[in-house]
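First the structure, in the form of structure tokens, and then the observations on it.
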Amino acid sequence: MYGIYGDIIGATEKALDCLDETKDLLEYPEVQADKAYYLHVLSKYNELKSLKDKLSALISALEEQRVYSEMLSDASSDEERATIYEEISSLKRTSSQLSASLADALGCKHAEERAYCRFKLKVSSSKFGVALFNLIKSDLLSRGVKISDEKIITAKGGYAQEISFVAEGVDVITRLVPLSGSHKVYVAQLKSEELCFAVTPSSIAEKVLESDLKIDVFHSHGAGGQNINKVETAVRVTHLPTGLVVVCQDERSQLKNKKRALETIEKRLKEMNEQAEKKRIEADVYAQYSNKNTPISFDAVTNTMTDTRLKAFSKVSFPLTDGEFASYINGLIAL
């Protein structure tokens, strides 16, 4: 039901089994009489209460994603769909951060995530974008993250105009989202270019669940030889969540028609999901490119970088070393 977050939700719910018991323990006179033990129990209760709050927030974010996804089919304009896509992506990032926080608190393995990332660069911002991409790639690979679909589009001037890739591994969204937005690259006095970087969750096509299918059989009206109107060989498969219907009656056997119908409905659902995912990604990337008031900036004259969120990262030499970059990302996550 909760996809990649099912394990961490289950582990948290198991840890919360003793929440009520711990709360009741605080009311016992003998516990209150022992100050050290009372403080120990109180600390345990506060930890569990924090877990419960984070779990509730995670489940709420996942439920909101489901609601917004259902709203897409009723959207009446591209602008409305773009707004819905942006909300979905924001909720997915929130879910990722909450899941990581729960995993830390429980000592569990973090969730495996998949993110689509894209840079949009100009002449002077290109070298900073390429350097940032190399730092990101090195950092992710050092953590066992898989990098795929890497593409670099070069402009006529010979500079990298666009870089895109997919990162798949533990907490990749949490790690990369703080770097997203349209950042300024100062190339001269009162002149700047943009270095745009977007990170959006990239879903993997899920298998069609049998519980989502309704299968009906009926007499075939097509080719079928002696079986026509004698045996129920035709098959109708309905995908209940989407209302997609596929009918197969060309084969002489019900089994073959069922197999073809299932293959067809899986193919069509995959195509529908891919189209919807492509639209969502493009809308989210555009929204992040439009975020120009970011705390990150670069100076092409001094080859430095500034991030106003961290005091230590004001006019630091860029590119950073791998170690400096890892510390920088860790610092942003800790904010």
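Within region 300-315, the residues that satisfy the criterion of being under 28 Å from the mean Cα position of the chain (by Cα) and either modelled with pLDDT under 95 or of a type in the set (Asp, Glu) (or both) are Asp307, Thr308, Arg309, Leu310, Phe313. Looking only at residues in region 99-137 that are among the aliphatic types (A, V, I, L, M) and within 11 Å of the chain's Cα centre (by Cα), which one is nearest to Ile329 (Cα to Cα)? For region 99-137, the residue satisfying everything is Ala115. Here Ser56 passes the criteria (1) under 19 Å from Thr12 (Cβ atoms); (2) surrounded by 19 or more Cβ atoms within 10 Å (Cβ to Cβ) except the one numbered (2).
Right, Tyr328: in the same structural domain as Ala198 (by TED's automatic domain parsing), touching a Cys at 6+ places or on another chain (Cβ under 9 Å) and surrounded by 14 or more Cβ atoms within 10 Å (Cβ to Cβ) or not? Talk me through it step by step, then tell me what you get.
Working: in the same structural domain as Ala198 (by TED's automatic domain parsing): yes; touching a Cys at 6+ places or on another chain (Cβ under 9 Å): no; surrounded by 14 or more Cβ atoms within 10 Å (Cβ to Cβ): yes.
Here the answer is no, as Tyr328 does not meet what is asked.
Go through region 56-98 and give me each residue that's more than 22 Å from Ile333 (Cβ to Cβ) and of a type in the set (A, V, I, L, M). Matches in region 56-98: Ile59, Val67, Met71, Leu72, Ala75, Ala82, Ile84, Ile88.
Which residues, taken from region 23-41, are hydrophobic (A, V, I, L, M, F, W, C) and either in contact with a Ser or Thr (Cβ under 7 Å, 6 or more places away or on another chain) or surrounded by 15 or more Cβ atoms within 10 Å (Cβ to Cβ) (or both)? If you could, list the steps in order and put the result at the bottom.
Step one: list which residues in region 23-41 are hydrophobic (A, V, I, L, M, F, W, C), which gives 25-26, 31, 33, 36, 39, 41.
Scanning region 23-41 gives Leu25, Val31, Val41.
Among the criteria (1) touching a residue at least 40 places away in the same chain (Cβ under 8 Å); (2) in the same structural domain as Thr200 (by TED's automatic domain parsing); (3) among the β-branched types (Val, Ile, Thr), the one Ile88 does not fulfil is (2). For beta carbons closer than 7 Å, sequence separation of 6+ or different chains, a first residue in region 51-66 that is free of Cβ contacts under 8 Å to residues at least 12 places away in the same chain and closer than 21 Å to Ile84 by Cβ and a second that is surrounded by 15 or more Cβ atoms within 10 Å (Cβ to Cβ) and of a type outside the set (A, V, I, L, M, F, W, C), there are no qualifying pairs.
The values are calculated or read from the model by the stated rules, or taken from the named source; none is laboratory data. This structure is a prediction, so every number in the text was calculated from the model and none was measured. Cβ: placed from backbone, ideal geometry, glycine included. Neighbour counts: every protein chain shown.
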